[in-house]
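Visitor: Structure provided below as structure tokens; questions to follow.
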Amino acid sequence: MKPSTYLILFVFIVVAHLAGITFKIQLLEYITKPMIVVLIGLYFLSRTGTIFSPIKKWVLAALFFSWTGDVLLLFQPNDSLFFLLGLSSFLIAHIFYIIFFHRVRIKEKVKGNVWLLLIVVVYYAALIILLSPYLGEMKMPVRIYGIVLSFMFMLAMHMLFIKNKKAGQWMMTGALLFVISDSALAINKFYRPFEMAGVTIMLTYALAQLFIAEGATRYISFNGKE
């Protein structure tokens, strides 16, 4: 299928999933949630399939573990263990995104920026201070996940300084949306539930994955063989 077809299907599935959340149609949520990342992966492959690039595998690995996390989190209402398993899967996904962004940064000869580190340190400290009193036995897993997420975002911000500015902007925006989604999830689960949390979390998450994939696609297509 054409890349545009996967995008149309992606929009349809995301809208259906958000409708399932809004109207509490659990079956619709269960059917559509695993399809979101699958369609992004197919879109990514349809755009980059003929291009050889060793960094493609890191994006695909991140999408795979994101999909695994999506599936595992579907079962968390029945057993809290699935939340920890899903969190672990997304942690691995972020590690693969870290590797991808790091490889791009090295290839582009982008130097580390201490101000970007400061941004993520402030974000991480503020979120953990807010959540810590409510985390209980999840305190250590959430702190570790937050460190990895913050590091991923810091490297993604370095993408703003690569030659292909548009690709970098897509990737950084996607990473920012990932931070917003995960922060909203943590606040809703551990601190204080808020209205439309499910829609906010899933909309920002779906767009985050799409934007990172779009940026990676544009970067790989622009650079050809890395």
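Visitor: Here is a check on your reading of the model: is Ala62 crowded, with 20+ Cβ neighbours inside 10 Å and not β-branched (Val, Ile, Thr)?
Guide: Here the answer is yes, as Ala62 does meet what is asked.
Visitor: Further question on the same structure: Quickly run through the stretch 75-87 and pick out the residues that are in contact with a Pro (Cβ under 8 Å, 6 or more places away or on another chain) and open to solvent by less than 60 Å² (accessible area, probe 1.4 Å).
Guide: Within the stretch 75-87, Leu87 is the sole residue that qualifies.
Visitor: Now, a different point. Among the residues of the stretch 92-114, are any closer than 16 Å to Val179 by Cβ, more than 17 Å from the chain's Cα centre (by Cα) and open to solvent by 40 Å² or more (accessible area, probe 1.4 Å)?
Guide: No, the stretch 92-114 has no match at all.
Visitor: Among Lys189, Lys165, which is out of contact with any helix residue (DSSP H, G or I) (no Cβ under 9 Å at 6 or more places or on another chain) and of a type in the set (Lys, Arg)?
Guide: Going through Lys189, Lys165 in turn, just one is out of contact with any helix residue (DSSP H, G or I) (no Cβ under 9 Å at 6 or more places or on another chain) and of a type in the set (Lys, Arg): Lys165.
Visitor: In the set Phe151, Phe190, Phe194, which member is at pLDDT 95 or above, surrounded by fewer than 22 Cβ atoms within 10 Å (Cβ to Cβ) and not in a helix (DSSP H, G or I)?
Guide: None of the other options fit; the residue is Phe194.
Visitor: Cβ-Cβ distance below 9 Å, separation of 6 or more or different chains: which pairs start in the stretch 197-218 with a residue that is closer than 14 Å to Pro3 by Cα and at pLDDT 95 or above and end on one that is open to solvent by 20 Å² or more (accessible area, probe 1.4 Å) and basic (Lys, Arg)?
Guide: Note: pairs meeting the criteria are Ala213/Arg47; Glu214/Arg47; Thr217/Arg47; Arg218/Arg47; Arg218/Lys166.
Visitor: Please verify whether Lys33 is touching a helix residue (DSSP H, G or I) at 6+ places or on another chain (Cβ under 7 Å), basic (Lys, Arg) and crowded, with 21+ Cβ neighbours inside 10 Å, treating the condition exactly as stated.
Guide: Yes: the conditions hold for Lys33.
Visitor: Out of the stretch 109-163, which residues are of a type in the set (D, E, K, R) and in contact (Cβ under 8 Å) with a residue 24 or more places away in the chain?
Guide: Within the stretch 109-163, just Lys163 meets the criteria.
The values are calculated or read from the model by the stated rules, or taken from the named source; none is laboratory data. Quantities reported herein were computed from a predicted structural model and do not represent experimental measurements. A quick note on method: Cβ atoms are made from the backbone with ideal geometry, for glycine too, and the neighbour counts reach across all protein chains shown. Each accessible area value is taken on the protein alone, full model and side chains, heavy atoms only, with ligands, DNA and RNA left out. Shrake-Rupley method; radii C 1.70, N 1.55, O 1.52, S 1.80 Å.
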